[in-house]
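A quick write-up on the structure given underneath.
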Amino acid sequence: LLLDLLPPGVCNLLNPAAIYANNEISLGDVEIYGFDYDYTLAQCSNLLHSMIFNTARDILIEQFKYPEGLGKYDYIPGFAIRGLHYDVQKSLLMKIDAFHYVQLGTAYRGLKPVPDEEVIELYGGTQHIPLYQMSDFYGKGPSLKQFMDIFSLPEMTLLSSVIDYFITHGIEFDQVHLYKDISDAIRDVHVKGVMYKWIEKDLEQYILHGDEIYAVLNRLVNHKKKLFLITNSPFSFVDKGMKHMVGKNWRDLFDMVIVQADKPNFFTDRRKPFRKLDDKGSLQWDKINQLEKGKIYKEGNLFDFLRLTGWRGSKVLYFGDHLYSDLADLMLRHGWRTGAIVPELETEIRIINTEQYMHSLTWQQALTGLLERMQMYQDAESKQVLLEWMKERQEIRSLTKNLFNPQFGSIFRTFHNPTYFSRHFTFYPRRTPLQHEAPLWMDQLCTGCMKTPFLEEMVHIR
């Protein structure tokens, strides 16, 4: 039945390399293009995650005096996904949807899943986590922390590994101290420049994609667009990476280069003034009254940047990998157009294009339609059939989740809802397509093909 339902070629509808838009934009109106550096212009290899994990783990053992047995833990590629929340007080790493509901089956304490019943009991008999605990738009509640950037993958895995060691060995620990120690260890890897030294020593091994970056930047410049770069990384690191990818004259392409910007504070804090660096990266002391092409600046803030450049509103398009600290403020407060670089999207689209995913999704939608159509029948036999359908639908949901990540599923959706990572200000009453899934929506494919029971009646349900 499913093979009849799926049109030929449906499993290759989506282009993994495409750009997916949540809003209409005319590139002809864009005059200025801005970029983050790490995971935007420079794509780092997954080997970097193992190095961050190992170094932070060793810091915990050597400097924080954590048990030496932690040295047996290695980084687990594919354990965590971006966008997860961590409940510090309950030591729970979990996926939460856009409506503040925990996705059952995705709550982990250490490296082991927590039963659904225990999760519901921990939150007072519900899967819902109220807004005051989630706190503001950035997911930084009093006890809930959200992991949004790609560098957070080794941090989540280290957090889970340490908790696993303590639980396995029956060691009591203070949840707050443990979370802070691990955060500090990961921060030291970045702040003390250890990570930058690894990459600078072996650019070929750690930095991917060079030719495409040069082609894009060069084309923009040739079409008279202005370019700027705002990054938290230090100048020497950015300079070596850009020379590796783009060439020794990479700075000629940019009207403005700002390093060690301290984002997200750069976008919200007015206090830090810009400082100029010389060509060797040494600090200058003069007061900055203008931002000059070809010069390198450090720190600063967005308000001075807007005042000195006049680059405001929808004529600016800025690309970054952190949906909140790079993009949300710029869009909501300043009207910039923004582009999110989401490397995981390519992998997820390749999974969406598989026959197994399409079969699971189509039958799941068909079962949902049957449940809606037949739920008014309340005799004992009908109830039993409905229960079996619900059980089968749940099994298919779990199967579909596991295609993306066995622990946490897709970074974009929790079964029928969008995740907290991908939330938009839209109401989703039931499973509706996200931008990269739109061509796969069942009623677009199959409303003309009446081979499924009750499909005619299901057409209006959306």
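The values are calculated or read from the model by the stated rules, or taken from the named source; none is laboratory data. Keep in mind the model is a prediction, meaning the values are calculated, not measured. Cβ atoms come from the backbone with ideal geometry, glycine included; neighbour counts cover every protein chain shown. All accessible areas refer to the heavy atoms of the entire protein, side chains included, with ligands and DNA or RNA removed. Shrake-Rupley method; radii C 1.70, N 1.55, O 1.52, S 1.80 Å.
When you scan the range 268-275, do you find a residue that is buried (at least 17 other Cβ atoms within 10 Å of the Cβ), part of a loop (DSSP other than H, G, I, E, B) and under 27 Å from the mean Cα position of the chain (by Cα), even just one? No, the range 268-275 has no match at all.
Mind counting the residues in the range 288-307 that are open to solvent by less than 80 Å² (accessible area, probe 1.4 Å) and closer than 19 Å to D329 by Cα? Show your work before the answer.
Applying the first criterion (open to solvent by less than 80 Å² (accessible area, probe 1.4 Å)) to the range 288-307 yields 288, 291-292, 294, 296-306.
Adding the requirement that they be closer than 19 Å to D329 by Cα leaves 299-306.
Counting residues in the range 288-307 that are open to solvent by less than 80 Å² (accessible area, probe 1.4 Å) and closer than 19 Å to D329 by Cα gives 8.
Scanning the range 188-205 for residues that are open to solvent by less than 30 Å² (accessible area, probe 1.4 Å) and more than 18 Å from W250 (Cβ to Cβ) returns D188, V189, G193, M195. Scanning the range 112-122 for residues that are part of a loop (DSSP other than H, G, I, E, B) and open to solvent by less than 50 Å² (accessible area, probe 1.4 Å) yields a single hit, V114.
Residue by residue through the range 69-104, note down the ones that are open to solvent by 30 Å² or more (accessible area, probe 1.4 Å) and small (G, A, S).
Across the range 69-104, the qualifying residues are G71, G78.
Taking the range 325-348 as the range and being closer than 18 Å to L41 by Cα and of a type in the set (S, T, Y) as the test, the residues that pass are S325, T338.
Picking from residues in the range 328-344 that are of a type in the set (G, A, S) and touching a helix residue (DSSP H, G or I) at 6+ places or on another chain (Cβ under 6 Å), the one that is most open to solvent (accessible area, probe 1.4 Å) is A340. Among the residues of the range 60-68, some residue qualifies, meaning at least one is over 27 Å from E299 (Cα atoms), out of contact with any Lys or Arg (no Cβ under 8 Å at 6 or more places or on another chain) and buried (at least 18 other Cβ atoms within 10 Å of the Cβ).
Between D278, D304, D286, which is of a type outside the set (A, V, I, L, M, F, W, C) and under 26 Å from R337 (Cβ atoms)?
The conditions single out D304.
Looking for something over 23 Å from the mean Cα position of the chain (by Cα), at pLDDT 95 or above, farther than 30 Å from G105 by Cα and in a helix (DSSP H, G or I) - is there at least one such residue anywhere in the range 175-184? Looking through the range 175-184, none of the residues is over 23 Å from the mean Cα position of the chain (by Cα), at pLDDT 95 or above, farther than 30 Å from G105 by Cα and in a helix (DSSP H, G or I). Which count do you get for residues in the range 141-184 that are buried (at least 17 other Cβ atoms within 10 Å of the Cβ), among the acidic types (D, E) and more than 15 Å from R57 (Cβ to Cβ)? Residues that pass the stated criteria total 1. Put simply, of S325, S314 the only residue that is closer than 20 Å to L345 by Cα and either modelled with pLDDT under 90 or open to solvent by 10 Å² or more (accessible area, probe 1.4 Å) (or both) is S325. Only a single criterion out of (1) of a type outside the set (K, R); (2) closer than 20 Å to Y196 by Cα; (3) assigned to a loop (DSSP other than H, G, I, E, B); (4) open to solvent by 40 Å² or more (accessible area, probe 1.4 Å) is not satisfied by W285, namely (2). All conditions but one from (1) surrounded by fewer than 21 Cβ atoms within 10 Å (Cβ to Cβ); (2) under 26 Å from K65 (Cβ atoms) apply to G125; the one that does not is (2). Listed by first and then second residue, the pairs linking a residue in the range 368-390 that is free of Cβ contacts under 8 Å to residues at least 60 places away in the same chain to a residue that is open to solvent by 80 Å² or more (accessible area, probe 1.4 Å) and of a type in the set (A, V, I, L, M, F, W, C), with Cβ atoms under 8 Å apart and 6 or more places separating them unless they lie on different chains, are L371/M390. Take V238 and tell me if it is open to solvent by less than 20 Å² (accessible area, probe 1.4 Å) and in contact (Cβ under 8 Å) with a residue 60 or more places away in the chain. The answer is yes for V238.
Could you grab me the full set of residues in the range 1-60 that are charged (D, E, K, R), over 26 Å from the mean Cα position of the chain (by Cα) and modelled with pLDDT of 85 or more? First the steps, then the outcome.
Step one: of the range 1-60, the residues charged (D, E, K, R) are 4, 24, 29, 31, 36, 38, 57-58.
Still in the running and over 26 Å from the mean Cα position of the chain (by Cα): 4, 29, 31, 58.
Within the range 1-60, D29, E31, D58 meet the criteria.
One line per residue, one yes/no per condition, for (1) loosely packed, with under 15 Cβ neighbours inside 10 Å; (2) at pLDDT below 90:
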site: W363; (1), (2): no, yes
site: L371; (1), (2): yes, no
site: L386; (1), (2): no, no
site: E395; (1), (2): yes, no
site: Q407; (1), (2): no, no
site: N417; (1), (2): no, yes
site: P433; (1), (2): yes, yes
site: Q444; (1), (2): yes, yes
